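Notes for the one structure printed next.
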Amino acid sequence: MEFDDEKYCNFSLLEKRQGQKIVLGLVNTQSDELEDKEVLLKRLEEANKHVDPRQICIATQYGFASTEAGNLISEEGQWRKLDLVHELAESLNA
């Protein structure tokens, strides 16, 4: 589920997915701008209010496949985004 944009972020929808793994696409893949880790952690806390935290996984929005077609993200930016996802995942497991 893509939740990279707060205007589309309604975590109450997660309540319909009780008992299922949920992959939240919180990290935008369309630009090099790196999200604030603390903001993303707060969003994960909000998601945890609606489902068991053990159900939640974190990912990029929808991958980097569209970079050739016009998304302005560099290879270095892609690696920074993946590092951020890794850090967030580690936080979930702490």
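The values are calculated or read from the model by the stated rules, or taken from the named source; none is laboratory data. What you see is a predicted model; the values in this text were computed from it and never measured. As a convention, Cβ positions derive from the backbone with ideal geometry for all residues, glycine included, and neighbour counts pool all protein chains shown. To get the accessible areas, we keep the full protein, side chains included, count just its heavy atoms, and leave off ligands, DNA and RNA. Shrake-Rupley method; radii C 1.70, N 1.55, O 1.52, S 1.80 Å.
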Give, in nm to one decimal, the length gained when the segment between L72 and E33 is fully stretched (0.36 nm per residue of separation minus the Cα-Cα distance). 13.0 nm
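Taking the Cα centre of the stretch 25-94 as the origin, how large is its charge dipole in debye, to the nearest 20, when only Lys and Arg (+1) and Asp and Glu (-1) carry charge on their Cβ atoms?
Working: 7 positive and 14 negative charges, 65 e Å.
Dipole size: approximately 320 debye.
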With all protein chains present, the stretch 23-92 has a carbon and sulfur share of its accessible area (1.4 Å probe) in percent of 52
Could you order peptides 28-37, 79-88 by the average number of other Cβ atoms within 10 Å of their residues, highest first? 79-88, 28-37
